[in-house]
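Everything below concerns the one structure shown next.
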Amino acid sequence: MQITITVNGTTHTRDVEPRTLLVDFLRDHLGLTGTNIGCDTSQCGACTIHMDSQSVKSCTVLAVQADGADLTTIEGLANGSLHPMQQAFWDNHGLQCGYCTPGMIMSATKLVEGNPGISEAEIRHGLEGNICRCTGYQNIVKAVQQAAGEMGGD
Amino acid sequence: MSKYMGKAVKRVEDPRFIQGRGKYVANLKLANMGHAAIKRSPFAHAKINGVDASAAKALDGVIAVYTGQDLQAAGVGSLPCGFNPPGIVTAPHMPLAVDKVRHVGDGVAVVIANDIYTAYDALDLIEVDYEPLPAVVDAKKATAADAPQVHDEIPNNTSFHWPLGESDTVMGAMNESDHVVELDFINQRLIPNAMEPRACVAEWNAFTEEMTVWTSSQNPHLIRLLMSMATLGIPENRLRVISPDVGGGFGSKIFHYPEEVIVPWCSKQLGQPVKWVSTRSEAFVTDAHGRDHVTTAKLGVNNDGTFTALHVQTWANMGAYLSTFAPMIPTALYITLFSGLYKIPHIFGESWGTMTNTVPVDAYRGAGRPEASYLLERLIDIAARDLNMDPIELRRKNFIQPDEFPYQTPVAMVYDSGDYDQLFDKAMEVSGYNEMIEERDRARQEGRLVGIGVSGCIEASGAGPSKVVTSLGAGVGLWEHGLVRVHPTGKISVLTGTHAHGQGHETTFAQLVADELGVPMDDIEIVHGDTSKTPFGLGTYASRSAAVGGTAIMKSCEKIREKMKAIAAYQLEAAVEDMVYDQENGTIHVQGSPDRSKTFVDISVAALMGHIPDDMEPSLEEATFFDPPNFTFPNSAHIAMVEVDKESGEISLLKYAAVDDVGNVINPMIVEGQLQGGIVQGVGQALLEHGIYDEDGQLLTGTFLDYAMPRADDVPMSALGRIEIPSPSNPLGVKGAGEMGTIAGTPTVANAVMDALHPLGVRHVDIPHTAAAIHGAIQSASVSAD
């Protein structure tokens, strides 16, 4: 099937098998390997991206379902500079091995949108769908709090 | 005054990770690359009567299908066990099963196709004629006379028996004690679940006859060694193993796995690169699991609280095959830690390593030491209740005192340093222990089930010396290599045999070198994870990298300084003894004459140009192979508070405080991060995680839907404190920091839950303390109270 998808501002038209997962399309067809795969049951959140301004687990979406959609991946979150969420993860040591990090950052940016004063409990609940095995979440929560304040509800 | 050491320097690794530019093996794409998928057994134990791959081979896009027989016929070797204590009985472990499968997930055949979707399609077309056999999954039941036999070569499924101490003497002392605490319990099976699933890419170059393998590993040199001498037979000088960024390991990426044999073999066979990436479902049934002990223990204690004797028997589940270091875990890394922080005059421990129809079990964060700490700290907690003593007071009564180091325990270890009273003083302060007790007691009066748990744990990390480790059965020494290369422009490359998988070595080692040589951190690169770039080294596990690898680097820096001083003396026509190396800025001057000086770059250039003393070799490159004289012994006091919901059994972890002595600290931000993450893994074992097999050997917890990983809302912020008693085992004075959180987290939280249930008369519930388990314990307690 032929699909047309805009990713990080660039529009791509490709032929794909209908069963192609969006995450495989991003990684294997477009070479955007920043989006990682951590499970096969939509539990871990490593593959989270933004699709038409919502965060989605890209292993749970077929590429054909994203036909006509506007996607942002970790590579396109900030063009050349760092998004406040990326900066906050760096500042607060919110990552160790880095594998869950792109998905965690993509989830967190949507989580705090419109909620600059988000509470610790809200952050913890909101990140339930993203598993990190390294950090114990403590510094991730701090990073998200910092970024939420800096983003001021954007 | 150090500029970098001891400072919370932000990590140099992070920019690539936060922007999605991590170099994980799964991201690698080579021209003409085939994609591999592995047909795995759905049975725990079955004979293979035949494999029919004809339909799979005929599928469009399939390049080849190979079975275990193909690999065996080609001379591929068995995966070796690298720790063989006296009397061990072993059996072959072929990368693909040949005539029998021994656990769900055991590989039977491999498909290579043009794309991974086609490879998976082809798996479904392979017909395997299985003849199912009875299975055994429990470590102790496996030794029963009528238990199914996993390997013909290993009678009674018992691979080894490892005793330490004199059982009769210890029981004699036990019998003279005022009181004996007895406990039968399990330390449940855990599944490591690093977030990056394992992956392997291999490229055989027929022109140069060289193999390159990219694999997600904690120790690429060790993998190359095992591939070369045991499995693939490719000489080390024709085999390059690269581990780029590794997305977590926690022990599970130490070992040599079947896919690291299958994928390179296929690449050579086909003359094209081959890639395999584990799915999470595969990871659950192929990555080595952790823990899984069945234990009977007794602690003797007198009425005044003095410990008299400890006697422990453990059946350790090895799974279907002996993984690379598996027998080391319930033996040399377990029984040797039974003394904990305490003076226990008589200790005996023995373990049996038994084979079952389950995934192999090997080192998982802490590896043997969490099991030792859990058993001792649970026994002590029960003893405190039986004697009606405060659990901290009972522990204090038995502490090894600061003036008693080095302290020889009855179980082989010689502890290097510590101050356990100071540790607990600080932990009580950081946690607000006295207020916590008041809070708990108030809650109890309100009828709520609130409990406080404490633990005092010790770890042996940074193993050495090598001759001791190898005399116990290890197939490798545990020294480490560190090379410092000063380029002509004054920039520096540091080559290390350790390999980070989240620990931030590119930052901490650069901090170390920057201070040792007085140069900016930006001028230093850390090179690791590639056997063609770094000399042989042993990798990263058992909290060894700073203590052993860091020391090797530090000593190489010392050699660089001495050589630079000699070159500066030659150029300034001064005596070497009069030269001063200023570590603030990397300049060298004549004592008392600061203006007679040379910069770091001056000397780097001189070493290139040969403007050096006649008897000196040019260039500035120094290597050290450091073999530690002893382990380091990090230790901890952790305190937690929980509340149990009476109706549901659900547990809320309300507070967690931890004070650790990890010796001197290179980067406190990274050390705290290690502790926070480790604690949550320990909490995971206490409350959530359990790898469960049914009687037929089916893994019931084979996805993240069924295996409860700790999530962000399962844990509170932890309060951390630190005391720094430098280790005398290495000149940096550091102790391992990577595993203590996990070691201490489990007994601390388990003790808190048991304290919460104490008013109901509950003595012990096996972990994990899930809502179901605790609900059951509450129900049983109320029935027996009626």
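Here is how the numbers come out for the structure above:
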{"item": "Residues within the range B:287-307 that are open to solvent by less than 10 Å² (accessible area, probe 1.4 Å) and closer than 11 Å to B:Ser177 by Cβ, tallied", "result": "4"}
{"item": "Residue within the range B:28-42 that is on the phi < 0 side of the Ramachandran plot and touching a Ser or Thr at 6+ places or on another chain (Cβ under 6 Å) present", "result": "no"}
{"item": "Index of the failed condition, B:Thr507 passing every other in (1) part of a helix (DSSP H, G or I); (2) in contact with a Cys (Cβ under 8 Å, 6 or more places away or on another chain)", "result": "(2)"}
{"item": "In the range A:119-129, the residues that are open to solvent by less than 10 Å² (accessible area, probe 1.4 Å) and either more than 7 Å from chain B (Cβ to nearest Cβ) or assigned to a helix (DSSP H, G or I) (or both)", "result": "A:Ile123"}
{"item": "Where a residue in the range B:313-327 is over 21 Å from B:Ala542 (Cα atoms) and its partner, wherever it lies, is in a strand (DSSP E or B) and not acidic (Asp, Glu), with Cβ under 6 Å and at least six apart", "result": "B:Gln313/B:Thr296; B:Thr314/B:His293; B:Thr314/B:Thr295; B:Thr314/B:Ser351; B:Trp315/B:Val294; B:Trp315/B:Trp352; B:Trp315/B:Thr354; B:Gly319/B:Val361"}
{"item": "Residue identified as touching a residue at least 60 places away in the same chain (Cβ under 8 Å), in a loop (DSSP other than H, G, I, E, B) and buried (at least 17 other Cβ atoms within 10 Å of the Cβ) among B:Ala139, B:Ala109, B:Ala119", "result": "B:Ala139"}
{"item": "Qualifying position, being crowded, with 18+ Cβ neighbours inside 10 Å, free of Cβ contacts under 8 Å to residues at least 24 places away in the same chain and either away from every other protein chain (no Cβ under 14 Å) or not in a helix (DSSP H, G or I) (or both), among B:Val765, B:Val753", "result": "B:Val765"}
{"item": "Hey, B:Tyr415 aromatic (Phe, Trp, Tyr), surrounded by fewer than 24 Cβ atoms within 10 Å (Cβ to Cβ), within 23 Å of B:Val301 (Cα to Cα) and assigned by TED's automatic domain parsing to the domain that holds B:Val662 or not", "result": "yes"}
{"item": "Conditions (1) open to solvent by less than 30 Å² (accessible area, probe 1.4 Å); (2) in contact (Cβ under 8 Å) with a residue 60 or more places away in the chain; number of the one not met by B:Val590", "result": "(2)"}
{"item": "Selected residue (criterion: farthest from the other protein chains (Cβ to nearest Cβ)) from residues of the range B:189-217 that are open to solvent by less than 10 Å² (accessible area, probe 1.4 Å) and over 27 Å from B:Asp706 (Cβ atoms)", "result": "B:Met211"}
{"item": "Enumeration of residues in the range A:18-36 that are β-branched (Val, Ile, Thr), within 28 Å of B:Asp706 (Cβ to Cβ) and in contact with a Leu (Cβ under 9 Å, 6 or more places away or on another chain)", "result": "A:Thr20, A:Thr35"}
{"item": "Unique match (being open to solvent by less than 20 Å² (accessible area, probe 1.4 Å), more than 14 Å from chain A (Cβ to nearest Cβ) and in contact with a Pro (Cβ under 8 Å, 6 or more places away or on another chain)) among B:Gly684, B:Gly697, B:Gly733, B:Gly691", "result": "B:Gly733"}
{"item": "Unmet requirement for B:Gln676, which otherwise passes all of (1) within 23 Å of B:Pro192 (Cα to Cα); (2) more than 8 Å from chain A (Cβ to nearest Cβ)", "result": "(2)"}
{"item": "When residues of the range B:319-352 are limited to those that are in contact with a Ser or Thr (Cβ under 8 Å, 6 or more places away or on another chain) and assigned to a strand (DSSP E or B), the one surrounded by the fewest Cβ atoms within 10 Å (Cβ to Cβ)", "result": "B:Glu350"}
{"item": "Counted residues, the range B:411-430 - those being in contact with a Lys or Arg (Cβ under 7 Å, 6 or more places away or on another chain) and over 17 Å from B:Val662 (Cβ atoms)", "result": "1"}
{"item": "Enumeration of residues in the range B:380-392 that are in a helix (DSSP H, G or I) and over 12 Å from B:Gly456 (Cα atoms)", "result": "B:Ile382, B:Ala383, B:Ala384, B:Arg385, B:Asp386, B:Leu387"}
{"item": "B:Ala44 being under 32 Å from the mean Cα position of the chain (by Cα), touching a residue at least 60 places away in the same chain (Cβ under 8 Å) and under 24 Å from B:Gly247 (Cα atoms)", "result": "no"}
{"item": "Qualifying residue in the range B:222-230 (condition: open to solvent by 10 Å² or more (accessible area, probe 1.4 Å), of a type outside the set (A, V, I, L, M) and touching a residue at least 60 places away in the same chain (Cβ under 8 Å))", "result": "yes"}
{"item": "From B:Ala737, B:Ala686, B:Ala719, residue being of a type in the set (A, V, I, L, M, F, W, C), touching a residue at least 40 places away in the same chain (Cβ under 8 Å) and in a strand (DSSP E or B)", "result": "B:Ala719"}
{"item": "Residue tally, condition among the acidic types (Asp, Glu) and part of a strand (DSSP E or B), over the range B:571-615", "result": "2"}
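Here is a yes/no grid of residues against (1) under 14 Å from B:Pro628 (Cα atoms); (2) within 25 Å of the chain's Cα centre (by Cα); (3) without any contact (Cβ under 8 Å) to a residue 12 or more places away in the chain; (4) open to solvent by less than 10 Å² (accessible area, probe 1.4 Å):
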| site | (1), (2), (3), (4) |
| --- | --- |
| B:Glu480 | yes, yes, no, yes |
| B:His487 | no, no, no, no |
| B:Ala510 | no, yes, no, yes |
| B:Ala514 | no, no, no, yes |
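The values are calculated or read from the model by the stated rules, or taken from the named source; none is laboratory data. The shown structure was predicted, so the numbers you read here are calculated from the model rather than taken from an experiment. For neighbour counting, all protein chains shown are included, and Cβ atoms are generated from backbone atoms with ideal geometry for every residue, glycine included. With ligands, DNA and RNA removed, areas are computed over all heavy atoms of the protein, side chains included. Shrake-Rupley method; radii C 1.70, N 1.55, O 1.52, S 1.80 Å.
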